[in-house]
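What follows draws every value from the coordinates through simple rules; no lab data is involved. Keep in mind that what you see is a predicted model, and the values were worked out from it rather than measured. Neighbour counts run over all protein chains shown; Cβ positions are idealised from the backbone, glycine included.
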Amino acid sequence: MIQDSSTHSWNVISEEWCEIAPIDETRQYFIMPYMLRLMGDVSGKRILDLGCGEGGFSRELTRRGAQVVGIDCAAYSIEFAKKQSLEEGLGIQYYTKNSSDLDGIESCDFDIVLCSMMLMDCEDLDGTIKEISRVLKPKGKLFASVLHPCFTGKNIGREGKGIDRKVIVEDYFNPAVYNQTLPGGNIEVVWRHRTLEEYVKPFVKHGLNITDLNEARPTREEADKSVPIAWLNKIPLFLYWVVEK
């Protein structure tokens, strides 16, 4: 497997991530439900969950009738996901690979590729998009979510607390790689700030068409779950894509 700074970072913190991911409120009550609504009926679909982490999406998609393959660069996360799948009798296939080198995965094999909150972590984004295009069937779709690139710069400032918190945007056009502490824990990962343009161009280069783009906002029911989720009705922290081959 190709080793790079993001691969190393996630392997270092994967055990802690597998503990906090299932109890992260924003992930459980907003990020996942929004993506599942966007994906719609997946029954009978063959899906690659690329950057699957501890396998939360893989398991839910399998419960909904999809045939799922999960891939992640973190070996511990894959072993954790395998264990959970076995305990539920779900039969999900999992592999440890770098997203920019899906060696052993057949071309034109998947109806859907899911990349939930992982493209911003890829050191080789171009290579990752190239591989996604390769493994998708003709007319297959990529569903992806990222942190909104407007708010990922290294020098982003924050003022206030709770629902009144404000964000100060600086240096949007300056690419940056830096360590960031994940919410809900004291673990750091490598974050990469890219502009919207830098996300879009690899899609065009590798024959993928953006068919939908959402600056995601929570429903009233989701906003009632927590103040951080309610705050997302003021600042679009997450960006969701639908991309077709």
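Relative to the longest principal axis of the Cα atoms of the chain, helix 5-20 runs at roughly 80 degrees.
When Rg and the Kirkwood Rh are both derived from Cα coordinates, the Rg/Rh ratio for the stretch 127-176 amounts to 1.21.
When every Cα-Cα distance of the stretch 94-136 is counted in 10 angstrom steps from zero, the calculated P(r) takes the values 28, 63, 9 percent.
Under the convention that each Lys and Arg Cβ holds +1 and each Asp and Glu Cβ holds -1, the size of the dipole of the chain around its Cα centre is about 720 debye. Scanning residues 5 or more positions from D109 or on other chains, those with amide H under 5 Å from its amide H are L136, K137, with H placed 1.01 Å from N in the peptide plane. Our note on the geometry: Cα centres of the stretch 193-242 and the stretch 1-36, 17 Å apart. The HN-Hα couplings worked out from phi for the stretch 153-159 by the Karplus form 6.51 cos²θ - 1.76 cosθ + 1.60 (θ = phi - 60°) are x, 5, 9, 4, x, 10, 10 Hz, whole numbers, x standing for Gly and Pro. Amide H contacts of L232: none lie under 5 Å away among residues 5 or more positions distant or on a separate chain (H built 1.01 Å from N in the peptide plane; Pro and chain starts excluded).
Subtracting the Cα-Cα distance of E25 and I2 from 0.36 nm times their residue separation leaves 5.1 nm of extension gain. For a straight C-alpha distance cut-off of 16 angstrom, the lysines reachable from K245 (same-chain residues fewer than eight places away being disregarded) are K45, K130, K137, K139, K141, K201, K205.
For K139 and N214, the difference between the fully extended length at 0.36 nm per residue and the C-alpha to C-alpha distance is 25.0 nm. Considering helices alone, the calculated mean residue ellipticity of the chain at 222 nm is -9000 deg cm²/dmol, with DSSP H runs of length four and up weighted by -39500 (n - 2.57) and normalised per residue.
Applying 1/(1 + (r/R0)^6) with r as the Cβ-Cβ distance of R165 and V12 and R0 = 41 angstrom yields a FRET efficiency of 0.90.
Sites listed here are trypsin sites (Lys or Arg not before Pro) in the stretch 48-126 whose DSSP assignment is loop and whose Cβ has at most 12 other Cβ atoms within 10 Å, and the list is empty. Using a simple spin-label model with pseudo-atoms 7 Å out from Cα toward Cβ, S107 and K234 lie 5.0 nm apart. Amide H contacts under 5 Å for I2: N98, restricted to partners 5 or more places along the chain or on a different chain, H placed in the peptide plane at 1.01 Å from N. Just so you know, the Cα atoms of the chain work out to an Rg and Dmax of 17.2, 49 Å. Among G56, G44, G160, the largest mean-square fluctuation in a Gaussian network model of the chain (Cα springs under 10 Å) belongs to G160. In plain terms, the chain from A75 to S226 could stretch by 51.1 nm, reckoned as 0.36 nm per residue minus the Cα-Cα distance. If you plug the beta carbon distance of K154 and L86 into 1/(1 + (r/R0)^6) with R0 = 45 Å, you get a FRET efficiency near 0.65.
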